[in-house]
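Asker: I have a structure I would like to understand better, so I am pasting it below and will then ask my questions one at a time.
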Amino acid sequence: MTVLATVPSLKIAAMVSGQGRGSNLGALLAACESGEIAGKFAVVIGTKAEAPALERARAAGVATTVVSPRKYSEDVEYGEVLLRILRKYEVDLLCLAGYMRHLPPSVVAAFPNRILNVHPALLPLFGGQGMYGEHVHRAVIESGMKVSGCTVHLVDEQYDSGPIVVQIAVPVEEDDTPATLAARVIKAEHQAYVRAVQFCAQGRVHVEGSRVRISPE
């Protein structure tokens, strides 16, 4: 059994991609600022300098840096650069917030059960490579599902397959489009991500094989 230990003030990093709005990052930043999460952001790493999520981080006074994976011919090199940054800022927990790439294996290995990701569906349904954003919501609607939602999970070597920390369900309405379903799910994502990081900061996340148990406060 692996237990994510309590730390006095969790040092958090986030990774973001491209042109994502950064709304999940914004929810986490606000929760740290209000004290809802007993932690603070040390750095936000983006793949493009103009990413709106990086603007959110800068506005909140958080250090940002840009590492373009296209500059590196191999995942090994890309991973080494990321690890140098994460170690420089003494990061305890890494949050993927609209990061659309496969994380280098060396980073996953260096932060076992200390990387979180949020997915806009109830995993293990509608996950895997290529399942993101509108693709997920369209697949949910076309499947005839009456319920969707979001999942915050620990990151392992595969897409969307790590142990689940928090899930929140939302209804799929008869007249939903991918856009209207997405608008409902994103609100749940903000709640679920803040809750998952809270649990980590409180040392309440216990990993038992492929399952997560959240201990009482």
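The values are calculated or read from the model by the stated rules, or taken from the named source; none is laboratory data. Not measured: the values here are computed from a predicted model. Here the Cβ positions follow ideal geometry from the backbone for every residue, glycine too, while neighbour counts run over all protein chains shown.
Asker: Test each condition in (1) surrounded by fewer than 20 Cβ atoms within 10 Å (Cβ to Cβ); (2) more than 25 Å from P120 (Cβ to Cβ); (3) in contact with a strand residue (DSSP E or B) (Cβ under 8 Å, 6 or more places away or on another chain) for E77 and report the one that comes out false.
Answerer: In the conditions (1) surrounded by fewer than 20 Cβ atoms within 10 Å (Cβ to Cβ); (2) more than 25 Å from P120 (Cβ to Cβ); (3) in contact with a strand residue (DSSP E or B) (Cβ under 8 Å, 6 or more places away or on another chain), E77 misses (3) alone.
The rows are residues; the columns are (1) free of Cβ contacts under 8 Å to residues at least 24 places away in the same chain; (2) surrounded by fewer than 16 Cβ atoms within 10 Å (Cβ to Cβ).
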{"position": "G46", "(1), (2)": "no, no"}
{"position": "E55", "(1), (2)": "no, yes"}
{"position": "V62", "(1), (2)": "no, no"}
{"position": "P69", "(1), (2)": "no, no"}
{"position": "P105", "(1), (2)": "no, yes"}
{"position": "A109", "(1), (2)": "yes, yes"}
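Asker: Are any residues in the stretch 47-66 modelled with pLDDT of 95 or more, under 18 Å from the mean Cα position of the chain (by Cα) and assigned to a loop (DSSP other than H, G, I, E, B), and if so, which ones?
Answerer: V62
Asker: Here is a list: G203, G127. Which entry is small (G, A, S), under 21 Å from Y99 (Cβ atoms) and not in a strand (DSSP E or B)?
Answerer: Result of the check over G203, G127: G127.
Asker: If you scan the stretch 24-46, which residues turn out to be among the hydroxyl-bearing types (S, T, Y) and under 15 Å from the mean Cα position of the chain (by Cα)?
Answerer: Passing the criteria: none in range.
Asker: Hey, among the residues in the stretch 18-44 that are among the β-branched types (V, I, T) and touching a Ser or Thr at 6+ places or on another chain (Cβ under 8 Å), which one's surrounded by the most Cβ atoms within 10 Å (Cβ to Cβ)?
Answerer: My answer is V44.
Asker: Further, regarding this structure: Find the residue count for the stretch 140-195, including only residues that are under 25 Å from R101 (Cα atoms) and within 20 Å of the chain's Cα centre (by Cα).
Answerer: So the answer is 36.
Asker: So R101 passes all but one of these: (1) within 13 Å of V16 (Cα to Cα); (2) crowded, with 16+ Cβ neighbours inside 10 Å; (3) not aliphatic (A, V, I, L, M). Which condition number does it fail?
Answerer: Result: R101 passes all but (2).
Asker: Considering only the stretch 160-187, how many residues are surrounded by fewer than 17 Cβ atoms within 10 Å (Cβ to Cβ) and either on the phi > 0 side of the Ramachandran plot or in a loop (DSSP other than H, G, I, E, B) (or both)?
Answerer: Of the residues in that region, 5 qualify.
Asker: Could you look through the stretch 164-193, keep only residues that are in contact with a strand residue (DSSP E or B) (Cβ under 9 Å, 6 or more places away or on another chain) and of a type in the set (V, I, T), and pick out the one that is farthest from V118 (Cα to Cα)?
Answerer: Looking at residues that are in contact with a strand residue (DSSP E or B) (Cβ under 9 Å, 6 or more places away or on another chain) and of a type in the set (V, I, T), I get V172.
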